[in-house]
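Worksheet: the structure to be examined is printed underneath.
Since every read-out is calculated from the coordinates, none of them should be taken as a lab result. Nothing here was measured: the structure is a model prediction, and the numbers come from that model. Neighbour counts run over all protein chains shown; Cβ positions are idealised from the backbone, glycine included.
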Amino acid sequence: MSVKLEGNILVTGSNRGLGLELVKQLAEKTRQEAHIYACCRDPEGTRAEALRKLTAQYPGKITMIKLDMLDEDSILTAVQAVSKQVGAVGLNLLINNAAINTPASPAPLSATRKKDMMEVYETNVVGPFLLAKMCLPLLQKAAERHSPEKDMGDKMSCRRSAIINVSTLISSIEKCPETFPVAQMYPYRTSKAALNMLTRCQAEDFKIYNILVTAIHPGWVRTEMGGEEAPLTTQDSVDGMLGVMSSLCNKDSGMLLDWEGNSIPW
Ligand SMILES: NC(=O)c1ccc[n+]([C@@H]2O[C@H](COP(=O)([O-])OP(=O)(O)OC[C@H]3O[C@@H](n4cnc5c(N)ncnc54)[C@H](OP(=O)(O)O)[C@@H]3O)[C@@H](O)[C@H]2O)c1
């Protein structure tokens, strides 16, 4: 199935897990003119081998970019490199996918240190905040060039200009009584709840530029983070998420949705 996404698309944490599958399906399912900026910490290292292979399979369609979400200089250098390549066309879609979850599950209070709280917050919230802030001029360029007629009059879409923050069901404060007993994860839950607020704030802030900002929960997925017991494959989760991204419009900005498009309460 092809997806209704186009232009310049940036994905963070794209060397493995959901990020790698996002790049794979975006390369497969978008038209030749689309370009994917696949960001990872160490493009030359062994952990990026699968991404290098994928990049070679789609000549001219994927550019690997070095990006460490914990390092402000690295974020700036990455955005400058993307800016140089996209020029006046700008960036159509930023997918903030990279994240960490420490200490390892079930991560009870007793095993959680200040260091975990700080590192997870910095990676999962401060990184996406800085990246969006630095990408804003590129997202504005893309938004200005796009004709909303293409989207049946809706001003906002992932084709025009958008930020997708990959969140989680267990960020939901309302659902905490049912989800807490199976996954305590203080640093991760609190960071993703903060990412939701970042999503809501940026949706308000950027609506004057017609930039859509939505948080998406990928489901419980079999990756290094999700573990082997997770019921969903990366293929099915990403197929669902790209379908949801293709259909997002004005009413979805500032929302938390799941990979099938269902709304999740804050
Ligand atoms: N899997 C699930 O069940 C599940 C459920 C709900 C939400 N999510 C969310 O989905 C997203 C992807 O998760 P996943 O399951 O694919 O996780 P994963 O397999 O653990 O992959 C995480 C990715 O983030 C990257 N990353 C971590 N810290 C980084 C940093 N400082 N700078 C740049 N990249 C960094 C990793 O790169 P390295 O290889 O360099 O470490 C890796 O590419 C995350 O936002 C996660 O919270 C996942």
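Once label points are set 7 Å from the Cα along Cα→Cβ at both residue 228 and residue 80, what is their separation, rounded to one decimal in nm?
About 4.5 nm separates the two model spin labels.
Taking the simple approach of a point 7 Å from Cα along Cα-to-Cβ for both residue 72 and residue 197, what is their distance in nm?
According to this spin-label approximation, the distance is 2.0 nm.
With +1 assigned to the C-beta of every Lys and Arg and -1 to the C-beta of every Asp and Glu, and no other charges, what is the dipole magnitude of the chain about the Cα centre in debye, to the nearest 20?
On the way: 29 positive and 30 negative charges, 95 e Å.
So the magnitude is around 460 debye.
List the relative contact order of the chain as a percent without decimals, with contacts defined as Cα pairs under 8 Å and 6+ residues apart.
RCO, the chain: 19 percent.
Could you please state, rounded to a whole Å, how far the C-alpha centre of the stretch 1-27 is from the C-alpha centre of the stretch 78-145?
Cα centroid to Cα centroid, the span is 15 Å.
Can you tell me what percent of all Cα-Cα pairs in the chain are more than 29 Å apart?
Tail of P(r) above 29 Å: 24 percent of Cα pairs.
Divide, for the stretch 1-145, the radius of gyration over alpha carbons by 2.2 N^0.38 Å, where N is the residue count.
My calculation over the Cα atoms of the stretch 1-145 gives 1.09.
Taking a threshold of 21 Å on the Cα-Cα distance, which of the pairs 114/175; 133/192; 115/192 fall above it?
114/175
Using helices alone, what [θ] at 222 nm do you get for the chain, with -39,500 (n - 2.57) per DSSP H run of 4 or more residues, divided over all residues and rounded to the nearest 500? Walk me through the numbers on the way to the answer.
Details: 8 runs with 103 residues, N = 266.
Taking each H run of at least 4 residues, the total per residue is -12000 deg cm²/dmol.
Just rank 233, 179, 46, fewest to most, by other beta-carbon atoms within 10 angstrom.
46, 233, 179
Counting other Cβ atoms within 10 Å, which trypsin sites (Lys or Arg not before Pro) in the stretch 1-71 have at most 13 and lie in a DSSP loop?
On the way: sites: 4, 16, 24, 29, 31, 41, 47, 52, 53, 61, 66; in loops: 4, 16, 31, 41, 61.
In loop regions of the stretch 1-71 (DSSP not H, G, I, E or B), the sparsely surrounded trypsin sites (Lys or Arg not before Pro) are 31.
Which residue, 139, 185, 125, has the largest displacement toward the positive end of the dipole of the chain when charges sit on each Cβ (Lys, Arg +1; Asp, Glu -1)?
139
With only Lys, Arg, Asp and Glu charged, each at its Cβ (+1 for the first two, -1 for the last two), find how big the charge dipole of the stretch 110-213 is about the Cα centre; round to the nearest 20 debye.
Working: 15 positive and 11 negative charges, 38 e Å.
It comes to approximately 180 debye.
Please figure out what share of the DSSP beta bridges in the chain is antiparallel and state it in percent, rounded to the nearest 5.
Antiparallel bridges: around 5 percent, rounded to the nearest 5.
Net charge near residue 35: determine it from the other residues with C-beta under 10 Å of the C-beta of residue 35, scoring Lys and Arg +1 and Asp and Glu -1.
Result for the neighbourhood of residue 35: -1.
Which FRET efficiency, nearest 0.05, do residue 144 and residue 110 yield, Cβ-Cβ r, R0 35 Å?
In this case the efficiency is close to 0.10.
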